[in-house]
Amino acid sequence: MFYLSNYRTLLKITNQVYNNRMSNQRIHSPSAKTFDLAATILKEGDIISFPTETVYGLGADATNSSAIAKIYSAKERPSFNPLIVHILSAEKASQYVIMNELTKKLADAFWPGPFTMVLPLKEGSGISDLITAGLDTVAIRVPKNEIAHQLLELFSGAVAAPSANKSGQISPTTAAHVDGEFGDELSFIIDGGACEKGIESTIVQVTNKDVILLRPGNITISDIEKVIGCSVLINNADGTKPTSPGQLTSHYAPNSKMRLNATKVYEDECYLTFGNIEGDLNLSPAGNLNEAAANLFSMMRALDQMNKTTIAVAPIPFTGLGLAINDRLQRAAAPKDSS
């Protein structure tokens, strides 16, 4: 078996594939000039990519339907799959959605941060119907990442930003991932380095009295229940008619097949491990779920570059953040025609 004790070596090798692109004019370092240009591009109805603390987003003016259509086209995303809208603050969010006392309590606890709420749209909000996929609700969050924050402050509006990858593929956690996915299709990427969290935000739907988990993430069920003082309900939708992003059965998928809960590896497989297990790459030798989440998509991409038939994945605990990690792995392993 091909084994690297230091997984960073393989990630470095993989990123060399993108070195020629990193020197081009598509990728921009954060600066006042970069933010000015990015905000201008958004206001002119075009799309850009920028980092958040979770993954890189593909952004467009949330009130401009022709700009939103460019997101769907670039991602090859089905139109029935709604998008997340990014806002500078809870105060700004209240201009677009109805926020009750329960919503405000959650916003106080988790915004800014990797936490998305599906809330009722205000009449005349201006949010494009393409974002909501015909629903009367919208997924909305306030990102914590400083680059995203500065961009939203300068743009002074709502930005729709699903993950910056082709629909159903592995989510991007570096600018190189984004550029490798789109190439000349996308002309402006803000390089903020590797994303801190590495998996998409937790998504909940909030009613007058209930909080329903739609997609697990870094904000865990336990975190939410400590704030609301009651149990979080679990959404049991079948993935065919999503009410928020990240609910399709097949999602986050590499080109290789995925085999989960693997305790050994077979010929023509590479091995993604966790804890005290040797393999090609280890999400966290120390068994730290936060580290594992941050490494998940980058390591899936790196192993996919090995061109093996299958990526075997060692068991990950179904506790805390492990729920979100297993959610992404299960969707990545699902047959692609199941979405």
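The values are calculated or read from the model by the stated rules, or taken from the named source; none is laboratory data. What you see is a predicted model, and the numbers here were worked out from it, not measured in a lab. FYI the Cβ positions are ideal-geometry reconstructions off the backbone, even for glycines, and counts take in every protein chain you see.
The test for being at pLDDT below 95 and not aromatic (F, W, Y) does not hold for A109.
Of all residues in region 287-301, those that are more than 14 Å from A314 (Cα to Cα) have Cβ atoms under 8 Å from Cβ atoms of residues that are modelled with pLDDT of 95 or more and among the acidic types (D, E), 6 or more apart or on another chain, in A294/E196.
Residue under question is S49, and the condition is that it be hydroxyl-bearing (S, T, Y) and surrounded by 20 or more Cβ atoms within 10 Å (Cβ to Cβ); does it hold? Yes; evaluated as a whole, the condition is true for this residue. Considering only residues in region 189-226 that are out of contact with any Pro (no Cβ under 8 Å at 6 or more places or on another chain) and among the hydroxyl-bearing types (S, T, Y), the one that is farthest from P162 (Cα to Cα) turns out to be S222. Any residue in region 65-85 that is in a loop (DSSP other than H, G, I, E, B), surrounded by 16 or more Cβ atoms within 10 Å (Cβ to Cβ), among the aliphatic types (A, V, I, L, M) and at negative phi? Checked against the condition, which is being in a loop (DSSP other than H, G, I, E, B), surrounded by 16 or more Cβ atoms within 10 Å (Cβ to Cβ), among the aliphatic types (A, V, I, L, M) and at negative phi, region 65-85 yields at least one hit. Determine if region 15-33 includes at least one residue that is of a type in the set (S, T, Y), within 25 Å of I199 (Cα to Cα), modelled with pLDDT under 95 and within 22 Å of the chain's Cα centre (by Cα). The answer is yes, given that some residue of region 15-33 is of a type in the set (S, T, Y), within 25 Å of I199 (Cα to Cα), modelled with pLDDT under 95 and within 22 Å of the chain's Cα centre (by Cα).
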